[in-house]
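The next block holds one structure in the form of structure tokens; read it before the comments.
Since every read-out is calculated from the coordinates, none of them should be taken as a lab result. A quick note: this is a predicted structure, and the numbers were derived from the prediction, not measured. Cβ: placed from backbone, ideal geometry, glycine included. Neighbour counts: every protein chain shown.
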Amino acid sequence: MSIADNLHNIKSSLPENVTLVAVSKTKPVADLMEAYNAGQRIFGENKIQEMTEKWEQMPKDIEWHMIGHVQTNKVKYMAPFVSLVHGVDSVKLLKEINKQAKKNQRVINCLLQMHIAEEETKFGMDEQELDELLNSGEFKQMENVKVTGLMGMATFTDNQEQVKKEFTHLKNIFDKYAAKPLTVNCQLSTLSMGMSGDYTTAIACGSTMVRIGSSIFGSR
Ligand SMILES: *Cc1c(COP(=O)(O)O)cnc(C)c1O
């Protein structure tokens, strides 16, 4: 099946309130253009350099999402154009994004990454760290970032019950903070969870944004 067919099939299976991020990491611009020509306008990349090269070459009505772990010293390269940073997991990183956004006279939307999986290797915060970040004086003063939601990755397993438990845990944290009146630079409306292998479960658990790569572009 073609990229356009894959996209069409996935899109028609998503509820209206769920946004599709086409994860195009490692794929050539020709593949991304095929998705673009089929109507896709939101692309996710996990390396800043690769995303910047693709941004330079592709139409300018694309929304670029950084979904990978971000190194502070590279934030400046994406600050002029990135629309959403999914993997923010420290005040230090948020501070750098704020600084670079300010230089570009922009406000950059960010999702805070939560650690919900069993694996030690995945990045992200626990609920206490989230609470500390959102209530810190430092964060409240940042005028060039806006926290618009949370992101998480479930354990890589065939056990959908476990995946469901992890996504539900994240949804509960999301609901708790979405309901609280917070600062002007924090309004949670996006819950980014679900990839090719688990997006159906993620949507059943309340995801509003899925990040799908291999089911659209083929295996990497
Ligand atoms: C690669 C990646 C995805 C997409 O994974 P697929 O299994 O190919 O759909 C989603 N989220 C993140 C953070 C990724 O790094």
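Computed quantities for the displayed model
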quantity	calculated
Computed label-point distance, nm, for sites LEU182 and MET58 using a 7 Å Cα→Cβ extension	2.8 nm
All lysines inside 21 Å of LYS176 as judged from Cα atoms, apart from same-chain residues fewer than 8 positions distant	LYS140, LYS146, LYS164, LYS165
Eligible aspartates and glutamates near LYS27 by straight Cα distance, threshold 14 Å, same-chain separation 8 or greater	GLU45, GLU50, GLU53
Residue order, fewest to most surrounding Cβ atoms within 10 angstrom, among THR155, THR201	THR155, THR201
Relative contact order, percent, the chain [alpha-carbon distance under 8 Å, six or more residues apart]	20 percent
Summed side-chain charge close to MET58 - residues other than MET58 whose Cβ falls under 14 Å, Lys, Arg +1, Asp, Glu -1	-4
Additional length obtainable on full extension of the chain from GLU143 to ASN17, 0.36 nm per residue less Cα span	42.6 nm
Cα gyration tensor, the chain - rounded (a/c under 1.5), prolate or oblate	oblate
Spin-label pair LYS164/ASP31, simplified geometry with 7 Å Cα→Cβ offset, distance in nm	3.2 nm
Centroid-to-centroid separation of region 1-51 and region 65-93 [C-alpha atoms, Å]	20 Å
Under 14 Å, Cβ to Cβ, from LYS99 - net charge with Lys/Arg +1 and Asp/Glu -1	+4
